[in-house]
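K.L.:
Submitted below is the structure of interest, expressed as structure tokens.
The values are calculated or read from the model by the stated rules, or taken from the named source; none is laboratory data. Remember, it's a predicted structure, so these values are computed and weren't measured experimentally. Backbone-built Cβ (ideal geometry, glycine too); neighbour counts: all protein chains shown. All accessible areas refer to the heavy atoms of the entire protein, side chains included, with ligands and DNA or RNA removed. Shrake-Rupley method; radii C 1.70, N 1.55, O 1.52, S 1.80 Å.
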Amino acid sequence: MAGMRQDQAVDGFRLAYDRTGQGPQSPAVVLLHGWPGDRTDYREVAPRVAATADVIVPDLRGFGESDKHQADPAAQYNAAAQARSIVGLINELGLRQPVIAGYDVGSRIAQAIARQRPDLVRALVIAPPLPGIGDRILDPAAQREFWYQSFHNLDLCLELIDGKPDAVLAYLRHFWSHWSGPGYEQGSGDLDHLVSVYGAPGAFAASIAWYRAGAGAVAASLAEQIPEPDQRIPVPTTVLWPSHDPLFPQGWSDRIEEFFAAATLTLLDGVGHFTPLECPETFAAAVAAAASAMPG
């Protein structure tokens, strides 16, 4: 997987990224992947958006070909830290108010950037997780799905999986199968790629540093507080909410307006958790529309 590499490290991390599209004179788009994935999560979306935009797709800290350090997770792998690296990349490349799109981990990071630096962001296009879940995440049905976040905080998790490609394959295959919608199946070659980037010693550990930093959906949902109206995320936001995501039922979309000043909700029938790969046309169309809109 050939790509570019960030020139200036942020907190000692340099990100790997791909850049395609119409160049710096066109609207900029930054696409942020999820777990368990990497920047290839957008292999179906990026070419569609690149027809009209300058498209940047990075590996997040600890993922893919980006730097992985045995740093304090709470300081270096949480949403604010991941956001610092993306903001550093935006500034390094001279991007002018990019649209930032993300799902899963990438959604949280996109929101963190828009919350901290709304001046840098034209618009968001995001899929769950989103705020507004609150203590509903403690419901027994939800906890049966979110067991892995507690598991990721155990040293046993690393002992069983890290540096063991066969264990990595079995573990990641479970999530790609269980979290996807009924019409989607991850190809064996795609899983082989994920094993190649998650299977080396230390790679799986780095990928779950997000959860060990307390940045997972359970911790974030329990800690969330409703902002004052003038403190809501101000940039235009398109929310794509799948119907078959076992982690985030569509009923949890009922409080979006409490956290976003200008959000539009689109429900996706037949789609599971992996929105960029399960409905790339819809995802790309939402990103392209946001990129073509005049900034507010």
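K.L.:
Taking residue 85 as the residue in question, decide whether it is among the small types (Gly, Ala, Ser) and either in contact (Cβ under 8 Å) with a residue 40 or more places away in the chain or farther than 29 Å from residue 205 by Cβ (or both). Break it down into steps so the answer makes sense when it comes.
P.N.:
Working: among the small types (Gly, Ala, Ser): yes; either in contact (Cβ under 8 Å) with a residue 40 or more places away in the chain or farther than 29 Å from residue 205 by Cβ (or both): yes.
Criteria met by residue 85.
K.L.:
Inspect segment 89-100 for any residue being modelled with pLDDT under 95, over 24 Å from residue 280 (Cα atoms) and polar (S, T, N, Q) and give the result as yes or no.
P.N.:
The answer is no; no qualifying residue exists.
K.L.:
Taking segment 161-170 as the region of interest, how many residues are surrounded by fewer than 19 Cβ atoms within 10 Å (Cβ to Cβ) and in contact (Cβ under 8 Å) with a residue 24 or more places away in the chain?
P.N.:
So the count comes out to 4.
K.L.:
List the number of the failed condition for residue 70; all other conditions in (1) within 20 Å of residue 200 (Cα to Cα); (2) part of a loop (DSSP other than H, G, I, E, B); (3) open to solvent by less than 70 Å² (accessible area, probe 1.4 Å); (4) polar (S, T, N, Q) hold.
P.N.:
(3)
K.L.:
In this structure, does residue 171 turn out to be hydroxyl-bearing (Ser, Thr, Tyr) and in a loop (DSSP other than H, G, I, E, B)?
P.N.:
Criteria not met by residue 171.
K.L.:
Another question, then. What number of residues within segment 268-296 satisfy the criterion of being under 20 Å from residue 52 (Cβ atoms), of a type in the set (A, V, I, L, M, F, W, C) and open to solvent by less than 40 Å² (accessible area, probe 1.4 Å)?
P.N.:
Final tally of qualifying residues: 8.
K.L.:
Separate question: Can you run down the residue pairs with Cβ atoms below 7 Å, 6 or more apart or on separate chains, where the first is in segment 223-239 and closer than 22 Å to residue 101 by Cβ and the partner is at pLDDT below 95 and open to solvent by 100 Å² or more (accessible area, probe 1.4 Å)?
P.N.:
Matching pairs, first to second residue: 236/296.
K.L.:
From the residues in segment 179-205 that are in contact with a Pro (Cβ under 8 Å, 6 or more places away or on another chain) and in a helix (DSSP H, G or I), which one is nearest to residue 169 (Cα to Cα)? Before you say what the answer is, go through the steps one by one.
P.N.:
Initial filter on segment 179-205 (in contact with a Pro (Cβ under 8 Å, 6 or more places away or on another chain)): 179, 181, 194-195, 198-199.
In the following step, the residues that additionally are in a helix (DSSP H, G or I) were identified as 194-195, 198.
Details: 194: 8, 195: 6, 198: 9 Å.
Per the stated criteria, the residue is 195.
K.L.:
Under the condition of being in contact (Cβ under 8 Å) with a residue 40 or more places away in the chain and not in a helix (DSSP H, G or I), which residue from segment 247-267 is most open to solvent (accessible area, probe 1.4 Å)?
P.N.:
Applying the filter and picking the extreme gives 254.
K.L.:
Kindly provide the set of residues from segment 26-52 that are among the aromatic types (Phe, Trp, Tyr) and outside any loop (DSSP other than H, G, I, E, B), ordered by number.
P.N.:
From segment 26-52, those among the aromatic types (Phe, Trp, Tyr) are 35, 42; that's our starting set.
Of everything in segment 26-52, just one residue is among the aromatic types (Phe, Trp, Tyr) and outside any loop (DSSP other than H, G, I, E, B), namely 42.
K.L.:
Give me the helices (runs of 4 or more DSSP H) completely within segment 93-159, filtered to those with at least 3 residues that are open to solvent by less than 10 Å² (accessible area, probe 1.4 Å), ordered by residue number.
P.N.:
In segment 93-159, the matching helices (runs of 4 or more DSSP H) lie at 105-116.
K.L.:
Restricting attention to segment 23-54, which residues are in contact with a Lys or Arg (Cβ under 7 Å, 6 or more places away or on another chain) and either open to solvent by 10 Å² or more (accessible area, probe 1.4 Å) or closer than 25 Å to residue 184 by Cα (or both)?
P.N.:
33
K.L.:
Only one of 184, 211 is within 30 Å of residue 140 (Cα to Cα), among the hydroxyl-bearing types (Ser, Thr, Tyr) and modelled with pLDDT of 95 or more. Can you tell me which?
P.N.:
Selected residue: 211, the only one of 184, 211 that is within 30 Å of residue 140 (Cα to Cα), among the hydroxyl-bearing types (Ser, Thr, Tyr) and modelled with pLDDT of 95 or more.
K.L.:
Restricting attention to segment 73-92, and to residues there that are within 16 Å of the chain's Cα centre (by Cα) and among the small types (Gly, Ala, Ser), which single residue is surrounded by the fewest Cβ atoms within 10 Å (Cβ to Cβ)?
P.N.:
Only one residue tops the list, namely 80.
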